[in-house]
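*Asks:* I have a structure here, written as structure tokens, and I will follow up with some questions on it.
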Amino acid sequence: MDETRLNNIEMKLAHHEMTLEELHQVIYSQQKTIDKLEVLLTSLTKRLQEAMGDGTEIRGPDEKPPHY
């Protein structure tokens, strides 16, 4: 195998490894953000339910109101 071709392959491999590591870091960061948001959402949902206090359930966006 010719030296130039081998160098090109090694450069491409190094580039791919670097890109893969960057993508891994982005995914890791996004998962940490998702985890924090899930905790916050759970906390806010609990606080809202406590504030409503009358046992009224929170309906999802696709649920019809009780009068339908």
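*Asks:* Only one residue in 40, 48 is modelled with pLDDT under 95, open to solvent by less than 100 Å² (accessible area, probe 1.4 Å) and part of a helix (DSSP H, G or I). Which one? Break it down stepwise before answering.
*Replies:* On the way: 40 fails: modelled with pLDDT under 95.
On inspection, the qualifying residue turns out to be 48.
*Asks:* Can you pull out the residues in segment 1-20 that are surrounded by 10 or more Cβ atoms within 10 Å (Cβ to Cβ) and over 34 Å from the mean Cα position of the chain (by Cα)?
*Replies:* Once the filter is applied, which keeps residues that are surrounded by 10 or more Cβ atoms within 10 Å (Cβ to Cβ) and over 34 Å from the mean Cα position of the chain (by Cα), segment 1-20 yields 6, 7, 8.
*Asks:* Looking at residue 58, is it at pLDDT below 95 and open to solvent by less than 100 Å² (accessible area, probe 1.4 Å)? I'd like the intermediate steps shown before the answer.
*Replies:* On the way: at pLDDT below 95: yes; open to solvent by less than 100 Å² (accessible area, probe 1.4 Å): yes.
So residue 58 passes the test.
The values are calculated or read from the model by the stated rules, or taken from the named source; none is laboratory data. Nothing here was measured: the structure is a model prediction, and the numbers come from that model. FYI the Cβ positions are ideal-geometry reconstructions off the backbone, even for glycines, and counts take in every protein chain you see. Quick note on the areas: whole protein, heavy atoms, side chains included, nothing else; ligands and nucleic acids left out. Shrake-Rupley method; radii C 1.70, N 1.55, O 1.52, S 1.80 Å.
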